[in-house]
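First comes the structure, then the notes that go with it.
Nothing in this text is a laboratory measurement; each read-out follows from the coordinates by a stated rule. Predicted, not measured: the structure shown is a model, and the values here were computed from it. We place every Cβ from the backbone using ideal geometry, glycine too, and count neighbours over all the protein chains shown.
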Amino acid sequence: MNESINDAAVYAVKFLEDILSFFGLNLSVDSTIDEEVIQLNVQSSQMNGFLIGQKAENMRAFQFLVSMALRNNNFKYSRVYIDIADYKKHQADKIKQKYEKIMIDIRDNNKTIDLEPMNSADRRVVHQMAVEYGLSSESVGEGKDRHIVLKKAD
């Protein structure tokens, strides 16, 4: 088993760059390591729309492919986070803007609120926000119905 997360990151960068070159794109991929997650950032290009895809499905597919390639090559670290043209960063900012007033209302008025279903990346942002606002958050439901329940922390 390949032990180093740095080796895994180098492999992940090369693998993603090879996938992008298949589409005729010579884009550089930057990597950072956050705890045990390899974060890959792809620069902006004329193909952003295609690479990100509708509701970020293509970007998630790239993430899955890179993660599976790491597993299939016996890397200990295979958790991968891919962002293309800062799409996920902008998405997280939108989520934070959308839920800020709700978080304050829950905190100040001791409410419990069920949010609408959202994907795992968006739920992760909301869970992080909940901690910042002193709230308790829990994901409930399955599949497309998975959503967060927010309430004031005990």
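Among Lys88/Lys111; Lys94/Lys144; Lys55/Lys144; Lys55/Lys76, which pairs are too far apart, with a Cα-Cα distance over 18 Å?
Pairs exceeding 18 Å: Lys88/Lys111; Lys94/Lys144; Lys55/Lys76.
Restricting the count to DSSP beta bridges whose residues both fall in segment 5-85, what percent are antiparallel, rounded to a multiple of 5?
Antiparallel bridges: around 50 percent, rounded to the nearest 5.
Using Cα-Cα distances under 8 Å and only pairs 6 or more residues apart, what relative contact order does the chain have, in percent?
Relative contact order of the chain: 19 percent.
Most mobile of Gln39, Gln91, Gln128 per a Gaussian network model of the chain (Cα springs, under 10 Å)?
Gln128
Do the sum for the chain: with -39,500 (n - 2.57) for every DSSP H run of n ≥ 4, divided by all residues, what is the mean residue ellipticity at 222 nm, to the nearest 500 deg cm²/dmol?
-16000 deg cm²/dmol
Could you give the length gained on full extension between Glu3 and Lys55, defined as 0.36 nm per residue of separation minus the Cα-Cα distance, in nm?
Separation in residues times 0.36 nm, less the Cα-Cα distance, equals 15.3 nm.
Take peptides 94-106, 23-35 and line them up by average Cβ neighbours within 10 Å, highest first, as a rough protection proxy.
94-106, 23-35
Given +1 on the Cβ of Lys and Arg, -1 on the Cβ of Asp and Glu, and no further charges, what dipole in debye does segment 5-85 carry about its Cα centre, rounded to the nearest 20?
240
Taking just the alpha carbons, could you work out the radius of gyration and Dmax for the chain, both in angstroms?
Rg then Dmax for the chain, in Å: 17.8, 54.
Relative contact order for segment 1-47: what is it in percent, counting Cα pairs under 8 Å that are at least 6 residues apart?
Computed value for segment 1-47: 31 percent relative contact order.
Could you tell me the distance between the Cα centroids of segment 86-154 and segment 62-77, to the nearest Å?
29
Using each residue's phi in segment 90-101, evaluate 6.51 cos²θ - 1.76 cosθ + 1.60 at θ = phi - 60° and report the 3J(HN,Hα) Karplus result to the nearest Hz, with x for Gly and Pro.
Here the 3J(HN,Hα) series is 5, 4, 4, 4, 5, 4, 4, 5, 5, 9, 4, 5 Hz.
Figure the gain on full extension for Glu100 and Asp18 (residue separation times 0.36 nm, minus the Cα-Cα span) and round it to one decimal in nm.
Stretched fully, the Glu100-Asp18 segment lengthens by 25.6 nm.
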